[in-house]
Every structure is written in C-alpha cells, then in structure tokens.
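Heads up: the structure comes next, in structure tokens.
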Amino acid sequence: MSTAMNFSSKSFKARPPDKGAFPLDHFGECAAFKEQFLECLRQSGSESSACRPRAMAYLQCRMERRVQLMANEPLEKLGFKDLMDEKPEAKPEKL
C-alpha cells in the first residue's frame, strides 16, 4: 500500500507584492539614511523599535527621490502613525 501524497492537486499562483516593487537604490540617493538606520541597529543591539524614526526617515527619502525608489504612501499606513502624532512635521533631516 502506498502512502504517497499527491501535492500536485493544488496549484500555487504567485502574486505580486501588495506595495509593488521596491527597487534598489543604485545611485545611493538614500544611502546616508540607510547607514544611520544600520548604525542605530548596531548600537541598540538590533532593537529595531529604538530605530523607528530613522527607518521612517529612510522610507520618506525613498518616496521623495526623483527616480521613484518607492511609491508615495502616507507614513501612517506604513506603521508610523505614532511617530507622526509626536512630530506634526516629520521631515527627514537634510544630509
């Protein structure tokens, strides 16, 4: 008696990501923001919640760049509503 299961009865259909593509920053337009975020992670022992303001600045940089590194999306929808309430005008610092 064979106990082999037939897994081919269900087909898997791939679907694109909900937020679309997230292209690489080939020109390094947001590299300074990325480095600040990574340095924060190193200093905090990889505690990402301590680095959320830097993550928000990095994503904001990606949304504002002319080569469209990321589609514009309200930061509240990206999980930064609590930081937006703290800072009415949350703009990344200019580097």
| Name the pairs: first residue in the stretch 22-41 and within 13 Å of Met63 (Cβ to Cβ), second residue outside any loop (DSSP other than H, G, I, E, B) and open to solvent by 60 Å² or more (accessible area, probe 1.4 Å), Cβ to Cβ under 8 Å, at least 6 apart or on different chains? | Asp25/Lys34; Phe33/Arg54
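For every residue, the table says whether it meets (1) closer than 17 Å to Leu75 by Cβ; (2) surrounded by 13 or more Cβ atoms within 10 Å (Cβ to Cβ); (3) at pLDDT 95 or above.
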| position | (1), (2), (3) |
| --- | --- |
| Lys10 | no, no, no |
| Ala21 | no, no, no |
| Ala31 | no, yes, no |
| Glu39 | no, no, yes |
| field | Close pairs from the stretch 58-85: first open to solvent by 60 Å² or more (accessible area, probe 1.4 Å), partner of a type in the set (Asp, Glu) and outside any helix (DSSP H, G or I), Cβ under 6 Å, at least 6 apart | value | Arg65/Glu29
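The values are calculated or read from the model by the stated rules, or taken from the named source; none is laboratory data. Please read these numbers as outputs of a predicted model, since none were measured by experiment. So basically every Cβ, Gly included, is an ideal-geometry build from the backbone, and we count neighbours across all protein chains shown. When the accessible area is computed, the model is the full protein with side chains, heavy atoms only, and any ligands, DNA or RNA have been set aside. Shrake-Rupley method; radii C 1.70, N 1.55, O 1.52, S 1.80 Å.
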